[in-house]
């Protein structure tokens, strides 16, 4: 099942790239493996998956310890400051930074490990009360504040769009994030790069790619429905 699901997702990514005049290499597929047991991740690894995304620190750490070390781990869920120390040296990218206090903690922990933490700023483009993320109108102030930390590199933006039946309804959300990215990039802020746009999930990643996503986060499309008995 995994192999067939992955091929279906890959075919859709390729088609979306072709429609929007982009190269397939420009889009990174993150296999969102939250709630999935290690055995399932190993199966995905065996068919070529190397980039996994987790929502919870404890789950990421447990899987990191067991699975092969050439996996690229992404922290895509809300990150509490007291949990940063557990993943700072294990993840390639933290997608969900939405406050100066969280960034300050990441910078401090990164310094302890003598590394530079790559982060994305999470933006609540749709203004949903149930979602984390900085409001668009506060984005520039936050980015400017984070840019002064020496052990953090801002690599771009991330958003979680509303869950909709018709993916087209989220096109405006993705277009807005892309515009915010362009606007920030134009300011040439030191230590800030807007090369990455993490947006789009199982139900809307094709539209996200058409609107400029460089990272898509697909869980159900690859692994099937979540099994919460693992958590």
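Bear in mind these aren't lab numbers, they're just calculated from the coordinates by the rules spelled out. Because the structure is predicted, anything quoted here is derived from the model rather than measured. Please note: Cβ atoms are built from the backbone with ideal geometry, for glycine as well, and neighbour counts cover all protein chains shown.
Fully extending the segment from residue 12 to residue 65 would add 15.8 nm, taking 0.36 nm per residue of separation and subtracting the current Cα-Cα distance.
Classify the chain from the C-alpha gyration tensor, please: rounded if a/c falls under 1.5, else prolate or oblate depending on whether a/b exceeds b/c. Oblate, since a/c reaches 1.5 and b/c is not below a/b.
Between residue 92 and residue 39, the C-beta separation translates, for a Förster distance of 30 Å, into a calculated FRET efficiency of about 0.85.
Across the chain, C-alpha contacts under 8 Å between residues 6 or more apart give a mean separation that, scaled by the residue count, equals a relative contact order of 22 percent.
Spin-label pair residue 85-residue 46: with each label point 7 Å from Cα along the Cα-Cβ axis, the two points sit 3.8 nm from one another.
Going by a ≥ b ≥ c, the root eigenvalues of the Cα gyration tensor, does segment 100-231 fall in the rounded group (a/c under 1.5), the prolate group (a/b larger than b/c) or the oblate group?
oblate
Taking a ≥ b ≥ c as the square roots of the eigenvalues of the Cα gyration tensor, an a/c ratio of 1.5 or more together with a/b no larger than b/c marks segment 1-129 as oblate.
Stretched out straight at 0.36 nm per residue, the stretch from residue 20 to residue 186 would grow longer than its current Cα-Cα span by 57.5 nm.
For Cα pairs less than 8 Å apart in space and 6+ apart in sequence, what is the mean separation divided by the residue count of segment 38-161, i.e. the relative contact order in percent? Before the final figure, lay out the partial values.
Working: 212 pairs, mean separation 25.6, N = 124.
It comes to 21 percent, rounded to a whole number.
Once the chain from residue 129 to residue 78 is taken as fully extended at 0.36 nm per residue, the excess over their C-alpha distance is 16.9 nm.
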